[in-house]
Amino acid sequence: MSVAAVMTEEGLPPGPRGSVVQMLRYARDPLGFYADCARRFGDVFTVPTVLGPLVVCGEPEGVRSIFALPPESFSRWSTEAVSPLLGEASLLLSGGARHARDRKLLTPPFHGERMRAYGAVMRAAALREAASWPAGSPFSMQDAGSAISIDVILRAVFGVDEAAGLDELRAALLGTLASMNPLLMLFPALRRRFGGIGPYARMLRVRDRVDALIYDAIARRRAGAGEGGGDDVLGLMLSARYDDGSAMSDSEIRDQLLTIVFAGHETSGIALAWAINWLERTPPVRDRLLAELAALGEDPTPSALAAAPYLEAVCHETLRLYPVVGEVVRLLRAPLALGVWTIPAGIPVAAGIALIHARADLYPEPAAFRPERFLDRKFAPHEYLPFGGGARRCIGAAFGLYEMKVVLGTLLAHYRFTLARESPERPVMRNLAMGPKGKVRVTASPRR
């Protein structure tokens, strides 16, 4: 059958039909859905969504082309549902010159020495959470990882340390995250207040509550330390200056703080849960990693953990096998060639992270958990892309990987884990992230 005969009515690559049916398939089994589409339609295919067609690319050179797009040739897609919560200044939502300017200003706290200064905070948060685990009783590793992440965010990002402030802000932030209903993303008609009831009205109520706390924290910091002060991310934001000498406004700081919470909280918990899941299901890998950690001493430092090569390979392989986000999307402002297809302006294209990570030509035995592959080879940015790529690659990628290494290494050095269920976990869509359906339930016991 010719290419022309199987293209969609819009002249796009072929794909499955029925937007609601396909969205449900994707939510229940995102990896299986993508694999089935690639098998039936090839490396480039079109997914019908309730927001219109989405072209997905699972071929490395095509992904390279997507990531090579200059910022002015694409814009955001389907972010209207979260913009009232995160704000227009959010790095996730802004574009063009504003995005480039803010990205340059906000990069330093998430890289280099400033980032590594948070290692002790990450280690302490992991041990503090572990001390609360029920002895001999199963608990959710994903929830535990998310609790560690929110603790790190409160202390390293917001600079909150007193118990009362931690509890109040933690409750408000978690309430904000819980209010983000995926239906708001899929069905624009629900983005109305409906007399104060419904998911959208609830999201706005919890937003107002967390806004009051964030603006109060900013005001107290300004009053106590002039225009800055402190090595936490909030303090660095207050001290930062754009090239023209101007500072971030309170509303801009608020938007970026909430974006950090949104992007880093659930994703960190999911990644940690998958890592424990795969280590316990692959004893040779677990034992090799434990031997590497044992060589670092009884209580390895964050810097030693960050430099441990096999620990890093385990983290990379975890993020390869089950990436937290299955795709990253660009809304084209100019036509783009993907293989034999020319995708017109106005169509969103997705770099298929899950598809690239499952390619046997890049990753032999792609369904196997084999961290050694990251010791044997360095993969290009269009071959390994758990944090996206190009001009909008996740600004917190280095921070997130550093936190994963420190937290995972700290917990494994101090605790033994046992999976509470024998049946394998499978990924499902959780809000906007892809996580384990059963949240990886485990029991834990001290090693010493």
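Assorted remarks:
- Cα gyration tensor, the range 318-408 - rounded (a/c under 1.5), prolate or oblate: oblate
- Loop-resident sites, the range 112-166, for GluC sites (Glu not before Pro), counting at most 13 other Cβ within 10 Å (DSSP): E162
- C-alpha center-to-center spacing [the range 85-121, the range 349-409] in angstrom: 21 Å
- If you sort the three axes of the alpha carbon gyration tensor as a ≥ b ≥ c, you get a/c of 1.5 or more for the range 37-88 and a/b no higher than b/c, which makes it oblate.
- The length gained by stretching the chain between A97 and A398 to full extension, at 0.36 nm per residue less their Cα-Cα distance, is 106.0 nm.
- Computed [θ] at 222 nm, helices only, for the chain once each DSSP H run of length n ≥ 4 contributes -39500 (n - 2.57): -15000 deg cm²/dmol
- For the range 247-288, alpha-carbon Rg relative to the globular expectation (2.2 N^0.38 Å, N residues): 1.92
- Estimated vicinal HN-Hα couplings, Hz - the range 354-364 in sequence order (Karplus 6.51, -1.76, 1.60; Gly, Pro = x): 4, 5, 4, 5, 9, 6, 5, 6, 9, 10, x
- A simple spin-label model places the labels of T301 and R116 1.0 nm from each other, with each point 7 Å out along Cα-to-Cβ.
- Rounded to the nearest 20, the Cβ-based charge dipole of the range 61-147 about its Cα centre (Lys and Arg +1, Asp and Glu -1) stands at 340 debye.
- Taking all protein chains as shown and a probe of 1.4 angstrom, S137 keeps an accessible surface of around 50 Å².
- Residue ranges 93-106, 388-401 sort as 388-401, 93-106 when ordered by packing (mean number of other C-beta atoms within 10 Å per residue, highest first).
- For the range 268-349, the set of GluC sites (Glu not before Pro) satisfying both a DSSP loop assignment and a count of at most 15 other C-beta atoms within 10 Å is given as E298.
- GNM on the chain, alpha-carbon springs under 10 angstrom: the most fluctuating residue among P134, P344, P386 is P134.
- Cβ-based charge dipole, the chain, positive-most Cα from G159, G269, P302: G269
- Only protein heavy atoms count here; on that basis, with a 1.4 Å probe, W77 has an accessible area of about 60 Å².
- As a length-normalised measure over Cα pairs under 8 Å and 6 or more apart, the relative contact order of the range 399-448 settles at 41 percent.
- Simple point charges give the picture: +1 on the Cβ of Lys and Arg, -1 on the Cβ of Asp and Glu, and for the range 198-326 a dipole about the Cα centre of about 480 debye.
- Between the amide H of L12 and any residue lying 5 or more places away or on another chain, no distance stays under 5 Å, with hydrogens modeled in the peptide plane.
- Assuming charge only on the beta carbon of Lys and Arg (+1) and of Asp and Glu (-1), the dipole of the chain about its Cα centre is about 700 debye to the nearest 20.
The values are calculated or read from the model by the stated rules, or taken from the named source; none is laboratory data. Just so you know, these numbers come straight off a predicted model, no measurement behind them. Positions of Cβ are generated from backbone atoms using ideal geometry, with glycine treated the same way; all protein chains shown enter the neighbour counts. The area values use the complete protein model at the heavy-atom level, side chains included, leaving out ligands, DNA and RNA. Shrake-Rupley method; radii C 1.70, N 1.55, O 1.52, S 1.80 Å.
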